[in-house]
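Step one of this worksheet: look at the structure below.
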Amino acid sequence: MAACLGAPEGGVLAAPSLRKLLEAVLAAWACGRVWLSPELLPNWGHRIEDRGGQALVLPVDLASLRPAAGAQVWLDLGAPGAPEDAVAPFMALVSADPGPLVVLLRDNDPRRARTQRLAVDRPGRVLLLRETGGTAYLLGKPELVTRLAEAAGWRPEPGPLPALAGNGGRLLVLDVDGVLIDPGRAFLDAVAGALGQLAPGMAWSDQDYLRLKRSGGFNNDFRLTAAALVQAEQGGPVTDWSPLEARVRAWEPRCEVAVRQHYRRTARLARAMVAPEQLSAVRGDLAICTGRPPGELASGFELLGFELPAVSDRAPHLRKPRPEGLIQLADAFRAERIVFVGDSLDDAAALRGARGLRPELDWCFAAVGPQRASFARAGDLQAEGLAELLENGDLP
């Protein structure tokens, strides 16, 4: 199972593993000669030959490589002993027309050049594949990503990412609830209504909701509702959720149906916290990273009166506090400085996780909301809300 992260024109594709992405590459392009890093040959040589291709080992002197038009070159930059300057010889290769298809894998070493620029800025055909925290994603020119997605039968998901135009390397990423929208009692009442339907007589209060929300890991209210039910089954507060994860997931589908049903009634309690003209002064690109699933994000856009490119909670690997959503946005926009405005512990953890995985980028967290002091750290921006940050000129 895999899907485009947004429409194919966004130039990013998400999948469960590098293997799935490489299989899609073989499905999308006819196999002729495929030059491989030595460590890739044992697993992929026979698959290439099964498709009628010829698998060849890359020479030590990469500059001497002269692949013919229609060939492919797969280079594993994360393999032990991979040279730090391995990308340089491909600059000439990908400039040739038509040139080979160049597949660069695992370039996460911050000492290397920013190879995503090779993937999207240079002429020719380049696909950049990364693997981070249990998921894989691919970056490339939109037409290449579209072709690969169609060959693999993967459909794009809602929330299109932008064409990779870039804006000075600056990216402002915004959470939705608590940053762009004040949900008021919308979520509190929807969850309470769902629990009353699923577990009549269960003790539940606003403080119970806030306690779970602030504990981290329950940014999505379907999951929070499921956790509340599991906690009730356990007879009291839970301090270690890991042994109960399967039970939480088992409850989630029913909780989603119930919370959605009640949210249709309570959504009128939410209000927009910023106007489009306030965001127009931002000197950089704008995007969203939210715990809302696609359907609820669409209703949020209706309330706001505008849309932004977004990563929403449509798969476990994009669920905060995991950092993959922020990393994928940073790559899609080719950003060098990323500021993420959030109002929760999960938002802060996602930003810090992204910083740890991609230390060569300049990451900044802006903590907003009444609880900001409890999850902000030294060096973070702090303000009552997004409007204050914009007025003070603290954002890019």
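We did not get these values from a lab; they are worked out from the coordinates using the rules stated. These numbers were taken from a predicted model, which means no experiment stands behind them. Note that we place each Cβ from the backbone using ideal geometry, even for glycine, and neighbour counts take in every protein chain shown.
Would you mind computing, in nm to one decimal, how far apart the modelled labels at Ser299 and Arg47 are, each placed 7 Å from Cα along Cα→Cβ?
It works out to 4.1 nm between the two label points.
Starting with the fewest neighbours, write out Cys255, Cys364 ranked by other beta-carbon atoms found within 10 Å of each beta-carbon. Mind showing how you got there, number by number?
Working: Cys255 24, Cys364 18.
Ranking Cys255, Cys364 by Cβ neighbours within 10 Å, fewest first, gives Cys364, Cys255.
Sort Arg319, Arg260 so the one with the fewest other Cβ atoms within 10 Å of its own Cβ comes first.
Working: Arg319 20, Arg260 16.
Starting with the residue having the fewest Cβ neighbours, the order is Arg260, Arg319.
Suppose the Debye formula is applied to equal point scatterers at every Cα of the stretch 186-268; what is log10 I(q)/I(0) at q = 0.23, 0.25, 0.26, 0.27 Å⁻¹?
Here log10 of I(q) over I(0) equals -1.13, -1.35, -1.46, -1.57.
What is the stretch 186-268's relative contact order, in percent, from Cα pairs under 8 angstrom and six or more apart in sequence? Present the calculation step by step, with values, prior to reporting the outcome.
Working: 71 pairs, mean separation 41.0, N = 83.
Relative contact order for the stretch 186-268 comes out at 49 percent.
I want to check the label-to-label distance for Arg19 and Thr239. Put each point 7 Å from Cα in the C-beta direction and report it in nm to one decimal.
Result for the modelled spin labels: 3.9 nm.
Packing-wise, with mean Cβ within 10 Å as the measure, how do 199-206, 321-328 rank, highest first? Display every interim value, and only then the final one.
On the way: 199-206: 11.0, 321-328: 25.4.
Going from most to least packed, we get 321-328, 199-206.
Amide H of Cys289 versus every other amide H placed in the peptide plane: which residues, excluding those fewer than 5 positions away on the same chain, fall under 5 Å?
Leu174, Asp175, Val311
So how much slack lies between Glu277 and Gln382, counting 0.36 nm per residue of separation and subtracting their Cα-Cα distance, in nm?
Values: separation 105, 0.36 × 105 = 37.80 nm, distance 2.20 nm.
Between Glu277 and Gln382, full extension yields 35.6 nm more.
With every atom except the alpha carbons ignored, what do you get for Rg and Dmax of the stretch 220-348, in angstroms?
Here Rg and the maximum Cα pair distance are 16.8, 51 Å.
Can you give the Kirkwood hydrodynamic radius of the stretch 285-344 from its Cα pairs, in Å with one decimal? Please report the intermediate quantities before stating the final value.
Values: mean 1/r = 0.0827 Å⁻¹.
Across the stretch 285-344, the inverse of the average 1/r is 12.1 Å.
In what order do His317, His46 fall by count of nearby beta-carbon atoms within 10 Å, going from fewest to most? Walk me through the intermediate numbers first.
Numbers: His317 19, His46 11.
Exposure proxy ranking, most exposed first: His46, His317.
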